[in-house]
Amino acid sequence: MVTTATRVGILSLQGDVREHARVLTELGAQVEFVRRPGELVGLDGLVLPGGESTVIDKLSRAFGIQGPLRDVIAGGLPVLGTCAGLILLANRLADGIAGQETFGGLDATVRRNAFGGQVESFETELEVPALGPPTIRAAFIRAPAIEELGPSATALASLPDGPVVAAEQDGLLGIAFHPESTGETRFHQRFLDRIRGA
């Protein structure tokens, strides 16, 4: 029996696109780079990468893809958002700049730069019960944090002092850190498993 590869788009307006493409390709997905509305057609899933959430927001409007992105997310397209992608996936921002908007979908309130600026970036070991052992190495780079989860969403990982840093809701998976930059593939695999099981 011939099976076709899972087609996963990566929003490629700005950010760490290549790192996600490498992980997804290694896991057997067919990667598509998405900048225009027409490139959303036929995708099985979508990645919103890390980068600058304010820049990605502005560019999504300039490229005319903000509305179509909101539509496909609301329509149930599975989405993985990391760092800035988590910010863009959240329904609510705690500290967005004037006029900043998100694509929405994840029933969460997210704070940008929750741990400070670039010099406060850090790495730590995290337990993620849904992924099982061993712990994951998580890189937080000017990272956001989830301040509040609504009843539709479930926390997947928290830092020892409390902030939620990974959550999921149906086909949406939001992560405050960068698994794609530390060699951690289990979040991407979980995302692909969700797509294939849908």
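Of note:
- Tail fraction, Cα-Cα pairs, the chain, threshold 32 Å, whole percent: 8 percent
- Glu101, Glu127, Glu180, ranked by accessible area, largest first (probe 1.4 Å): Glu127, Glu101, Glu180
- Surface exposure of the chain, expressed per residue as accessible area with a 1.4 Å probe, stands at 44 Å².
- Contour minus Cα-Cα distance for Asp161 and Ala94 (0.36 nm per residue): 22.2 nm
- The chain, accessible surface, carbon-and-sulfur percent (1.4 angstrom probe): 50 percent
- Stretched out straight at 0.36 nm per residue, the stretch from Glu123 to Arg196 would grow longer than its current Cα-Cα span by 23.2 nm.
- The chain: relative contact order as a whole-number percent, Cα under 8 Å and 6+ apart: 19 percent
- Furthest towards positive pole of dipole, Val31, Pro68, Leu86, structure part segment 10-92, Cβ charges: Pro68
- Note on Arg36 and Ala74: the extension gain reaches 11.9 nm, defined as 0.36 nm multiplied by sequence separation minus the Cα-Cα distance.
The values are calculated or read from the model by the stated rules, or taken from the named source; none is laboratory data. As the structure is a computational prediction, the values presented were derived from the model and not from experiment. Cβ coordinates were reconstructed from backbone atoms using ideal geometry, including for glycine residues, and neighbour counts include every protein chain displayed. Only protein heavy atoms, including side chains, enter the accessible area calculation; ligands, DNA and RNA are left aside. Shrake-Rupley method; radii C 1.70, N 1.55, O 1.52, S 1.80 Å.
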